1. Per residue of the chain, what 222 nm ellipticity follows from adding -39500 (n - 2.57) for every DSSP H run with n ≥ 4, rounded to the nearest 500?
2. Pairs to check: LYS111/LYS249; LYS249/LYS369; LYS41/LYS111; LYS249/LYS358; LYS152/LYS249; LYS249/LYS374. Give those whose C-alpha atoms are more than 31 Å from each other in this structure.
3. Just to verify a number: FRET efficiency for GLU246 and SER425, C-beta to C-beta distance, R0 = 30 Å, to 0.05?
4. Nearest 20 debye, what's the magnitude of the dipole of the chain about its Cα centre given +1 on Lys and Arg Cβ and -1 on Asp and Glu Cβ?
5. Aspartates and glutamates within cross-link reach of LYS201: Cα-Cα under 17 Å, excluding same-chain residues under 8 positions apart?
6. Order the peptides 375-388, 156-169, 74-87 from the highest to the lowest mean number of other Cβ atoms within 10 Å of their residues.
7. Per residue of the stretch 111-118, what does 6.51 cos²θ - 1.76 cosθ + 1.60 with θ = phi - 60° give for ³J(HN,Hα)? Whole Hz please, x for Gly and Pro, Karplus curve as stated.
8. Ordered by packing density, taken as the mean number of other Cβ atoms within 10 Å over each peptide's residues, highest first, how do 196-203, 391-398, 170-177, 217-224 rank?
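Rule-based calculations on the coordinates, nothing more; no lab input. Just so we're clear, the structure is a prediction, and the values are computed from it rather than from any experiment. No Cβ is skipped: glycine too gets one built from the backbone with ideal geometry, and neighbour counts run over all protein chains shown.
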Amino acid sequence: MLFTPRLQRLIQLVIFGFALIALFIAAGHYSPDPDIWWRLKTGEWIFNHAQVPITDVFSEGGITRVWIEYNWLFDLIIYLFYKIGGGYDGVIFYTVILSSLIYLSLLALLKDQDLDPLYIHIISAIVVVGLIPVLTPRPWLISIFLYIWVLKLLLKYRETQNNRLLFFLPPIFCLWANIHIQFINGLVLLGILTLEAIMPKRRSTLLPTFYALSACAAITLLNPYGYLLYSVITQLNDPVYFSRIEEFKVPDFSVPSYLTFPLFAVLAIALLIRKRHEAKGFFLILVSFIGLILAFRARRDIWLALIPLAGLITSLLPKFMTRKAPDLDLKHITLILGSLVALLTIFTSPVSVQDISKHFPVAAVEFLKEQKLKGPIYNTFDWGGFLIWNLPEYPVAIDNRNIVYGPRTFLQSLETWRGQGNWSSDSTLLQSNIVIGPRSLPLSHLLQSDPRFKRIYSDKIAEVYTRIRP
């Protein structure tokens, strides 16, 4: 053994502690996520009306637009965190809790492999570093958590062929389908396992996995929108969004976190080549391959590569790494977690209006509340959600709910704010009485010399214009 048991446990404690610190730093600060605001308002609406929206209730003319809010249960959950937590600190609390659960679940997943705990902690810590960009208050945190547990159940089933394990899957998918559309990735896991069961050595598992897949797919229809939920998939995957919205763009490999999954891929390929004659099916290989395709396509999906690759690597590491050594027990984990939560609570300052005003038009919104001007309002894509939450008396022109507006409205708004194309004849702009947007965007400068509009407010980040009626 390279280290004495005591030293190895100390190293594990240090790695575990540093991974949690990195996780808490990433998840425990204010994130200027434009999506969170309309989600809070949607959660409030669902809470007050005891139903889900069918048509858009927040935008100008939205009553004519169908709105399939596929994250409705998450919206309600995050609103309750906000309400109980006394403001945005409740949102941060959600992010920290889910991020911690993801890390602990990842450790549980990898510990199923016959591998020295030290290497498990090293691999898990690298995954945490890779996940930092997605540790934001989004429903995908719950998707990551559920994905890990579905993968753990399926790997345990592959090993034991215990059909009782498959009974846990339908309740998970019923919950998942009402929280986030990425339950589809869980169905893909089940589909690949079913495909692998066609192999002669695994033929005995074909019927159980097929029945499990069918049951899980069927139970996802138990949502307020039924089969229409699946129409969201094609709408979200419109190519227009992938080159223009930050989370859909390809990973920025100048950021260290985005280097983790390509490095994992190289290591996995090297281990597969070395152990090509010892392969026990293609389940994790195919899952990792699909995850890599999705991760290289969009930075929001890096976890779909990191998690299965971590499982694949731990299953392929050399035999000398499988010698058992003392692992951290519950006492150590509880002590470290408790200490870090206490430090986070003591030393982290609450989210202030000043924090939010660095990214959103807080002062401009207060100005509009005082002026009580008539709408409609014309706003940017990224500020729409903030206006929905803070200025509900003005239906917005657009916000981050892509499926409500579609790619044409999204592109038109983008062109207008950039001062491109036929911006001066944009009908939505010309029908608006108020224009609010970042002062750094070209449209704000163009309107200064446009006789149809008059600037009535300006600060460091925002400008407000009103239309001069003939």
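1. Taking each H run of at least 4 residues, the total per residue is -18000 deg cm²/dmol.
2. Pairs exceeding 31 Å: LYS111/LYS249; LYS249/LYS369; LYS41/LYS111; LYS249/LYS374.
3. Values: r = 29 Å, r/R0 = 0.95.
So the FRET efficiency works out to roughly 0.55.
4. Working: 42 positive and 32 negative charges, 215 e Å.
Result for the chain is approximately 1040 debye, rounded to the nearest 20.
5. GLU159, GLU278
6. Sorting 375-388, 156-169, 74-87 by mean packing, highest first, produces 375-388, 74-87, 156-169.
7. Here the 3J(HN,Hα) series is 6, 6, 7, 7, 9, 4, x, 4 Hz.
8. Listed from highest to lowest mean packing, they are 391-398, 170-177, 217-224, 196-203.
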